[in-house]
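This report concerns only the one structure given below.
The values are calculated or read from the model by the stated rules, or taken from the named source; none is laboratory data. Small disclaimer: the values here were computed from a predicted structure and weren't measured. Cβ placement follows ideal geometry from the backbone for every residue including glycine, while neighbour counts extend to all protein chains displayed.
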Amino acid sequence: MPLYAIDDRVPTVHPEAFVHPDAVVIGDVRLGAEASVWPGAVLRGDYGRIEVGERTSVQDGTVVHATAELATVIGHDCVVGHVVHLEGCTIEPFCLVGSGSVVLHRAVVRSHALVGANALVPNGMEVPSFAMALGVPAKVRENAVKEGFVKEAVEIYVGNAHRYQTGLRRIDA
């Protein structure tokens, strides 16, 4: 598992979490039980704290960073899609952040919300519970998401992480 300390900042990874060997976790990063970090993802807590809740997946190519003033917090039971950029923001539980999207400083995505693929949630924006944030910059569509919409995707990634923990092996040609 590619974990790195920087100065006095050391990752804390729950024993039931999965970090793919081609992901990078640096500094003050906390991963909850059954969280997963997939190939090419970078979680860099060199200046500030990053938290990833239980059963949350951070998928391939995603970059998560924090500033000295602004932690990046991702709640439990979330799906963070491929090639997402999160920095200095809060993603509450039961959210989906779509592939290619960007969520920036002081933005808050409330529980059960969805950030659409390739959306830009700018500094300070709040996405209400059960809303969708779509477009660049994101516009909010309230009451557009049903409760439990992300549950199946969360369960798929929890199962996939267990599969990788036991079945993944490197093959050198």
Which members of segment 14-60 meet the condition of being closer than 13 Å to Gln165 by Cβ and β-branched (Val, Ile, Thr)?
-> Val19, Val37
Sole exception among (1) exposed (fewer than 13 other Cβ atoms within 10 Å of the Cβ); (2) under 25 Å from Arg55 (Cα atoms); (3) more than 16 Å from the chain's Cα centre (by Cα); (4) not β-branched (Val, Ile, Thr) for Gly124, by number | (2)
Pairing a residue in segment 23-38 that is under 18 Å from Gly75 (Cα atoms) with any residue that is among the aromatic types (Phe, Trp, Tyr), where Cβ atoms lie under 6 Å and the two sit 6 or more apart in sequence or on different chains, gives Ser36/Phe18; Ser36/Tyr157
Within the group Ser111, Ser99, which residue is touching a Pro at 6+ places or on another chain (Cβ under 6 Å), free of Cβ contacts under 8 Å to residues at least 60 places away in the same chain and among the small types (Gly, Ala, Ser)?
-> Ser111
Could you please give the count of residues in segment 1-17 that are out of contact with any Ser or Thr (no Cβ under 9 Å at 6 or more places or on another chain), hydrophobic (A, V, I, L, M, F, W, C) and part of a loop (DSSP other than H, G, I, E, B)?
-> 3
Matching residues in segment 18-57 (surrounded by fewer than 24 Cβ atoms within 10 Å (Cβ to Cβ), small (Gly, Ala, Ser) and not in a strand (DSSP E or B)) number 5
Hey, Ala71 more than 19 Å from Val108 (Cα to Cα) and either among the polar types (S, T, N, Q) or in contact (Cβ under 8 Å) with a residue 12 or more places away in the chain (or both) or not | no
Return the residue satisfying two criteria in turn: it lies in segment 124-170 and is among the β-branched types (Val, Ile, Thr) and assigned to a helix (DSSP H, G or I), and of such residues it is farthest from Val79 (Cα to Cα).
-> Thr166
From (1) surrounded by fewer than 19 Cβ atoms within 10 Å (Cβ to Cβ); (2) charged (D, E, K, R); (3) in contact with a Pro (Cβ under 7 Å, 6 or more places away or on another chain), pick out the condition that doesn't hold for Asp77.
-> (1)
Which one of these does Val140 not meet: (1) over 18 Å from the mean Cα position of the chain (by Cα); (2) of a type in the set (A, V, I, L, M); (3) surrounded by 21 or more Cβ atoms within 10 Å (Cβ to Cβ)?
-> (3)
If you check Val109, Val80, which single one turns out to be within 23 Å of Ser36 (Cβ to Cβ), touching an Asp or Glu at 6+ places or on another chain (Cβ under 8 Å) and modelled with pLDDT of 95 or more?
-> Val109
Can we say Ser101 is small (Gly, Ala, Ser) and either at pLDDT below 95 or in contact with a Leu (Cβ under 8 Å, 6 or more places away or on another chain) (or both)?
-> yes
